[in-house]
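Asker: Before I ask anything, let me first share the structure, which is written out below as structure tokens.
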Amino acid sequence: MAQSPESALSGSIDSYQVEDRKFAPSPEFTASARLTDPSIYTDGEDYENFWATQARDLITWFEDFHTTLEWDLPNARWFVGGKLNVAYNCLDRHVEAGIGDRVAIYFEGEPGDTRTITYAELLDDVKRFTRVLINLGVETGDRVCIYMPMIPEAAVAMLACARLGAPHTLVFGGFSPDSLIDRINDAEAVVAITADAGYRKGKPSGLKTNIDVALADCPTIRNVVVVNRCDTDVEMTEGRDLWWHDLMADADADADAVPVDSEHLLYLLYTSGTTAKPKGVMHTTGGYLTQVAWTHREVFDLKPESDIYWCSADIGWVTGHSYIVYGPLTNGASVVMYEGTPDTPRESERNGDDPAGWAKDRMWDIIERYKVTQLYTAPTAIRAFMKWGEAEPAKHDLSSLRLLGSVGEPINPEAWMWYHRNIGAERCPIVDTWWQTETGGIMITPLPGITETKPGSACRAIPGVFVEVVDDEGNEVTEGGGYLTITKPFPAMLRGVWKAPERFFDTYWSRYPGRYFAGDGARLDEDGYLWLMGRVDDVMNISGHRISTTEVESALVDHDAVAEAAVVGAADPLTGQAIYGYVILRGGNEPSEELIEEIRRHVATKLGAIARPKQVVAVTDLPKTRSGKIMRRLLRDMAEGRELGDTTTLADAGVMSQISGSSA
Ligand code: WTA
């Protein structure tokens, strides 16, 4: 249930220090920018024609499409009749065009190990791993689960799935066995691909052990392929578990790309909705690839011959799918892929074993060494960099950078300005890109050679995409706050929720008839610029990660001592939002510090460390409406230390004073 725009948005608007400045693209930038003519927006008005042109320009089709779009809300089919293969577009055709020696991936492991992989080498690996999948009995259409660290094998596995037309579903490496179970079973995946562990903050962080726990409850998985990344001890179940390096050594690099239909399922990616059960967002082939390739090329002003592009997201999130793998490789770009965290220096440069004493300049060190030209990162990371101070980036030569990007949550103007000054040297345009797992690709952003940017605003929809802000009744708002909706189909839009067509319709298409409802609040200023204001539904955004309040609530009540729970995301200076849990304990339990700690830990075990509540407060009652709905708004007001909003609909008006007493 969403709240009214006022109650949902006022908090975030207040906390915004809106800068009154505009930043025009610099003459140095526009001199060589790909797009400088605003008439591209006019081209986008005839959106079917616009996207059909891009699809033919960016993609090699084995068979051309005969119809650009079939639209029967909420079902879209783009580039109907077209046949293509994503891996062919990312790899083979570049090698055939003679650029096989260009570097596809510059890999930097957390300890400091490096690998440079050309397009020809990546193609060879992908062909070989496709053969491995075929040898394991994987067929076109079968689902494959990928649970891996940020190592090149993750991209190889994704591309091999795409080559075979076997949809993958990645599960972020920070997720728990329970999360794996839900996703593997919903997708009915037949093979899982993982690693023994990945490096994280100086230590191997186990993955295979989580797979082992999960697989006790995943009957559809026949085999597990394991990359030996950290040389840790893992148990290999005879007949089921196989080493990546053994399989690759025995396979030929001969598997051809399977031509699939434009609407063939490319992947499922599970994301938090407003219920405890994550949704399997479905992305298909032709439309998705067109939009991610176009946005990657134009939003990042890509010059594939000379650029070194770095997206610091994890491959397990949609940003990694679209802007580390599919967009950049379709465009023949050279990408940097970094395994670890920004506060872990290379092994050779660590000052002792205690992370507290380590320098926090790894990102800047990587940019200097690889001469990175575009950096795409998240506001939560930028705020961490701010906290660590300007001296860290100042240790390095960042002059190779020519463009900066931001994604995942609203970027506050202070962070924007810091990024602009300390990383971009007031020279690089910043593209603040709004989009979602569901939209597959970027939707709202400046175009760097055209748009005058305002710090904190994602500016406007890209050509060929149409958004409107509406009020509670669905009437368009031309200035002021409301809800973000999308009014026309776009190529990379989700094609459904896996095995749940009703949920697809109800979640996105029912609230405002004829429109896609994104779940975000937005404000339009007097110049028509869009300011994204965060989620207005029960989805929290913690460091750019989507977690639903209900998911955390069910993990809380799963603890033996908890009878009832309510969860809110409250504003947090570092992580955007932080999770606050309010629990009613079962009789016989005392709210000791140990118990509260144990409950927090329990959530981390159930859902993964990113979902661990910042604070859990034991209360004797929860604020509810007379119909029994928990009033999260009041809890949020309290967690954020605001005066309590309207409590007139509370069933028991005394509850709030009791709660504020117990959390004090
Ligand atoms: C939020 C990540 C403001 C938004 C690509 C959206 C943003 C959710 C921005 C999707 C941005 C993402 N400005 N908010 N530039 N980018 N969001 O599915 O609330 O992990 O609905 O996709 O992140 O998160 P998701």
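Asker: With the structure loaded, tell me whether R511 is more than 18 Å from the chain's Cα centre (by Cα) and either within 12 Å of the ligand (Cβ to nearest atom) or over 27 Å from G174 (Cβ atoms) (or both) or whether it fails that test.
Answerer: Working: more than 18 Å from the chain's Cα centre (by Cα): yes; either within 12 Å of the ligand (Cβ to nearest atom) or over 27 Å from G174 (Cβ atoms) (or both): yes.
Yes: the conditions hold for R511.
Asker: Being polar (S, T, N, Q) and within 14 Å of R222 (Cβ to Cβ) is the filter here, so list the residues in the range 126-145 that pass it. Before the answer, list the steps.
Answerer: Within the range 126-145, the subset polar (S, T, N, Q) is 130, 135, 140.
The answer is N135, and nothing else.
Asker: So which residues in the range 408-423 are within 19 Å of S543 (Cβ to Cβ), open to solvent by 20 Å² or more (accessible area, probe 1.4 Å) and not in a loop (DSSP other than H, G, I, E, B)?
Answerer: E414, W418 - these are the residues of the range 408-423 that are within 19 Å of S543 (Cβ to Cβ), open to solvent by 20 Å² or more (accessible area, probe 1.4 Å) and not in a loop (DSSP other than H, G, I, E, B).
Asker: Still on this model: Can you tell me which residue in the range 479-496 is farthest from G441 (Cα to Cα), limited to those that are small (G, A, S) and not in a strand (DSSP E or B)? I'd like the intermediate steps shown before the answer.
Answerer: Filtering the range 479-496 down to residues small (G, A, S) leaves 480-482, 492, 496.
Going one step further and asking which of them are not in a strand (DSSP E or B), we end up with 492, 496.
On the way: A492: 6, G496: 16 Å.
This residue is G496.
Asker: Being more than 7 Å from the ligand (Cβ to nearest atom) and within 11 Å of Y483 (Cα to Cα) is the filter here; which residues of the range 532-546 pass it?
Answerer: Matches in the range 532-546: M533, V536, D537.
Asker: Please go through the range 540-562 and pick out each residue that is aliphatic (A, V, I, L, M) and in a helix (DSSP H, G or I).
Answerer: Initial filter on the range 540-562 (aliphatic (A, V, I, L, M)): 540, 542, 547, 552, 555-557, 561-562.
Residues satisfying the conditions are V552, A555, L556, V557.
Asker: E452 passes all but one of (1) of a type outside the set (S, T, N, Q); (2) more than 22 Å from S39 (Cβ to Cβ); (3) surrounded by fewer than 20 Cβ atoms within 10 Å (Cβ to Cβ); (4) touching a residue at least 60 places away in the same chain (Cβ under 8 Å); which number fails?
Answerer: Failing condition for E452: (2).
Asker: Same structure again: Here is a check on your reading of the model: is T445 open to solvent by 10 Å² or more (accessible area, probe 1.4 Å), within 13 Å of the ligand (Cβ to nearest atom) and in contact with a helix residue (DSSP H, G or I) (Cβ under 6 Å, 6 or more places away or on another chain)? Can you show your working first?
Answerer: Numbers: open to solvent by 10 Å² or more (accessible area, probe 1.4 Å): no; within 13 Å of the ligand (Cβ to nearest atom): yes; in contact with a helix residue (DSSP H, G or I) (Cβ under 6 Å, 6 or more places away or on another chain): yes.
No.
Asker: Considering every residue within the range 2-24, establish whether at least one is part of a loop (DSSP other than H, G, I, E, B) and modelled with pLDDT of 95 or more. Before the answer, list the steps.
Answerer: First, the residues of the range 2-24 that are part of a loop (DSSP other than H, G, I, E, B): 2-4, 15-22, 24.
Filter again for modelled with pLDDT of 95 or more, leaving 24.
The answer is yes, given that some residue of the range 2-24 is part of a loop (DSSP other than H, G, I, E, B) and modelled with pLDDT of 95 or more.
Asker: A further question on this structure: Kindly list the number of the only condition in (1) over 30 Å from T439 (Cβ atoms); (2) in contact (Cβ under 8 Å) with a residue 40 or more places away in the chain; (3) part of a helix (DSSP H, G or I) that fails for S400.
Answerer: Against the list (1) over 30 Å from T439 (Cβ atoms); (2) in contact (Cβ under 8 Å) with a residue 40 or more places away in the chain; (3) part of a helix (DSSP H, G or I), S400 comes up short only on (3).
Asker: Right, another one. With the structure loaded, tell me whether E426 is without any contact (Cβ under 8 Å) to a residue 12 or more places away in the chain, open to solvent by 10 Å² or more (accessible area, probe 1.4 Å) and either in contact with a Cys (Cβ under 8 Å, 6 or more places away or on another chain) or more than 10 Å from the ligand (Cβ to nearest atom) (or both) or whether it fails that test. Before you say what the answer is, go through the steps one by one.
Answerer: Values: without any contact (Cβ under 8 Å) to a residue 12 or more places away in the chain: yes; open to solvent by 10 Å² or more (accessible area, probe 1.4 Å): yes; either in contact with a Cys (Cβ under 8 Å, 6 or more places away or on another chain) or more than 10 Å from the ligand (Cβ to nearest atom) (or both): yes.
Here the answer is yes, as E426 does meet what is asked.
Asker: Separate question: Taking the criterion of being more than 16 Å from the ligand (Cβ to nearest atom), crowded, with 17+ Cβ neighbours inside 10 Å and under 30 Å from M363 (Cβ atoms), would at least one residue in the range 491-501 satisfy it?
Answerer: For the range 491-501, residues more than 16 Å from the ligand (Cβ to nearest atom), crowded, with 17+ Cβ neighbours inside 10 Å and under 30 Å from M363 (Cβ atoms): absent.
Asker: If you don't mind, there's one more thing I want to ask. Which of the residues belonging to the range 381-401 are open to solvent by 10 Å² or more (accessible area, probe 1.4 Å) and among the hydrophobic types (A, V, I, L, M, F, W, C)? Steps first, answer last, please.
Answerer: Step one: of the range 381-401, the residues open to solvent by 10 Å² or more (accessible area, probe 1.4 Å) are 381, 383-384, 386-392, 394-400.
Result: A381, A384, M386, W388, A391, A394, L398.
Asker: Can I ask one more? Given the options T60, T67, T114, name the one that is open to solvent by 60 Å² or more (accessible area, probe 1.4 Å) and over 21 Å from Y516 (Cβ atoms).
Answerer: On the way: T60 fails: open to solvent by 60 Å² or more (accessible area, probe 1.4 Å); T67 fails: open to solvent by 60 Å² or more (accessible area, probe 1.4 Å).
Checking each option against the conditions leaves just T114.
Asker: If you go through the range 555-579, how many residues are open to solvent by less than 40 Å² (accessible area, probe 1.4 Å), among the small types (G, A, S) and more than 14 Å from R601 (Cβ to Cβ)? Explain how you work it out, then say what you get.
Answerer: The first filter runs over the range 555-579 and keeps only residues open to solvent by less than 40 Å² (accessible area, probe 1.4 Å), leaving 555-556, 559, 561-562, 565-570, 572, 575-576, 578-579.
Still in the running and among the small types (G, A, S): 555, 561, 565-566, 569-570, 576, 578.
Adding the requirement that they be more than 14 Å from R601 (Cβ to Cβ) leaves 565-566, 569-570, 576, 578.
Number satisfying all stated conditions: 6.
Asker: In the range 361-380, is there at least one residue being open to solvent by less than 10 Å² (accessible area, probe 1.4 Å), under 18 Å from I117 (Cβ atoms), over 16 Å from the mean Cα position of the chain (by Cα) and touching a residue at least 12 places away in the same chain (Cβ under 8 Å)?
Answerer: Looking through the range 361-380, at least one residue is open to solvent by less than 10 Å² (accessible area, probe 1.4 Å), under 18 Å from I117 (Cβ atoms), over 16 Å from the mean Cα position of the chain (by Cα) and touching a residue at least 12 places away in the same chain (Cβ under 8 Å).
Asker: Checking the condition more than 9 Å from the ligand (Cβ to nearest atom), open to solvent by 10 Å² or more (accessible area, probe 1.4 Å) and part of a strand (DSSP E or B), which residue from E468, E473 passes? Let's see the steps before the verdict.
Answerer: Details: E473 fails: part of a strand (DSSP E or B).
From the options E468, E473, the qualifying one is E468.
Asker: Any chance you could count how many residues in the range 547-567 are touching a helix residue (DSSP H, G or I) at 6+ places or on another chain (Cβ under 9 Å) and within 16 Å of the ligand (Cβ to nearest atom)?
Answerer: 3
Asker: Give the residues of the range 221-233 that are open to solvent by less than 40 Å² (accessible area, probe 1.4 Å) and either in contact with an Asp or Glu (Cβ under 9 Å, 6 or more places away or on another chain) or in a strand (DSSP E or B) (or both), sorted by residue number. Before you say what the answer is, go through the steps one by one.
Answerer: Taking the range 221-233 as the starting set, the residues that turn out to be open to solvent by less than 40 Å² (accessible area, probe 1.4 Å) are 221, 223-227, 230.
N223, V224, V225, V226, V227, C230 - these are the residues of the range 221-233 that are open to solvent by less than 40 Å² (accessible area, probe 1.4 Å) and either in contact with an Asp or Glu (Cβ under 9 Å, 6 or more places away or on another chain) or in a strand (DSSP E or B) (or both).
Asker: Mind telling me which of the residues P328, P379 ends up being within 16 Å of the ligand (Cβ to nearest atom) and either within 23 Å of M148 (Cα to Cα) or touching a Lys or Arg at 6+ places or on another chain (Cβ under 7 Å) (or both)? Step through it out loud before you land on a result.
Answerer: Values: P379 fails: either within 23 Å of M148 (Cα to Cα) or touching a Lys or Arg at 6+ places or on another chain (Cβ under 7 Å) (or both).
Checking each option against the conditions leaves just P328.
Asker: Pairs under 8 Å by beta carbon, first residue without any contact (Cβ under 8 Å) to a residue 60 or more places away in the chain in the range 501-529, partner among the acidic types (D, E) and part of a loop (DSSP other than H, G, I, E, B), six or more apart or different chains?
Answerer: L524/E479; E526/E479
Asker: Let me ask another. Where in the range 238-341 are there strands (runs of 3 or more DSSP E), lying wholly inside it, with at least 2 residues that are open to solvent by less than 30 Å² (accessible area, probe 1.4 Å)?
Answerer: Values: elements: 241-243, 265-271, 279-284, 308-311, 334-338.
Once the strands (runs of 3 or more DSSP E) in the range 238-341 are filtered for at least 2 residues that are open to solvent by less than 30 Å² (accessible area, probe 1.4 Å), what remains is 265-271, 279-284, 308-311, 334-338.
Asker: Could you tell me whether L404 is within 19 Å of L35 (Cβ to Cβ), away from the ligand (no atom under 12 Å from the Cβ) and either open to solvent by less than 20 Å² (accessible area, probe 1.4 Å) or of a type in the set (D, E) (or both)? Break it down stepwise before answering.
Answerer: Details: within 19 Å of L35 (Cβ to Cβ): yes; away from the ligand (no atom under 12 Å from the Cβ): yes; either open to solvent by less than 20 Å² (accessible area, probe 1.4 Å) or of a type in the set (D, E) (or both): yes.
Yes.
The values are calculated or read from the model by the stated rules, or taken from the named source; none is laboratory data. Keep in mind that this is a model prediction, so the values were computed, not measured. Cβ sites come from the backbone with ideal geometry, for glycine too, and all protein chains shown count toward neighbours. Side chains are part of the model used for accessible areas, which takes the heavy atoms of the whole protein and leaves out ligands, DNA and RNA. Shrake-Rupley method; radii C 1.70, N 1.55, O 1.52, S 1.80 Å.
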